[in-house]
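> Got a structure here, written out as structure tokens. Questions coming.
The values are calculated or read from the model by the stated rules, or taken from the named source; none is laboratory data. Keep in mind the model is a prediction, meaning the values are calculated, not measured. With ideal geometry, Cβ positions are generated from the backbone for all residues, glycine too; neighbour counts draw on all protein chains shown.
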Amino acid sequence: MDPVTAVAAATVALLAKGALESAGQEAGRSGWSGGARLLARIRARFRGDPAAEAALDEVTRAPDDESARQVLELTLATHMRSDRAFEDEVRRMVDESVAGTGNTTQVNAAVIKNAQVFNEKVEIQGDWNIS
């Protein structure tokens with residue numbers, strides 16, 4: 001997983017976690033204030049891009065929807081790749097949000113569950129389908 005994709009995945013995990021906590025009336029606890037700033041910054045960046053705004057709204061509306069999270073992750077990564085300053089700002093805000101919770105495992109677990117890491121050469125033979 002390239003660094004931009006990893007930051008986008010961590011960002012989406014934080015946004016989904018914040019949306020779930022808001023639904024459970026836990027906003028304001030566990031460092032979500034940093035996540036709220038992150039959400040506001042991304043919302044401002046997406047302004048004027050209807051597809052990006054819809055992707056963000058879908059995750060905040062249905063944070064458990066994995067396909068919505070993947071769409072937002074791809075959209076966010078695209079915006080980050082097109083604007084290095086935005087990428088740096090998101091990266092810094094994610095780091096601050098994670099540090100504010102005092103627990104990095106929540107974000108890491110969300111990122112790791114979709115990542116494949118191989119330390120050696122991988123050989124594949126026969127039919128191979130990716131879903």
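> Of the numbered conditions (1) at pLDDT 90 or above; (2) under 18 Å from Leu38 (Cβ atoms), Ala54 fails exactly one; give the number of that condition.
Looking at each condition in turn, Ala54 falls short on (2).
> While we're looking at this one, here's another question. Answer yes or no: is there a residue in the stretch 36-49 that is more than 21 Å from Glu89 (Cα to Cα) and modelled with pLDDT of 90 or more. Steps first, answer last, please.
Step one: filter the stretch 36-49 for residues more than 21 Å from Glu89 (Cα to Cα), giving none.
Scanning the stretch 36-49 turns up no residue that is more than 21 Å from Glu89 (Cα to Cα) and modelled with pLDDT of 90 or more.
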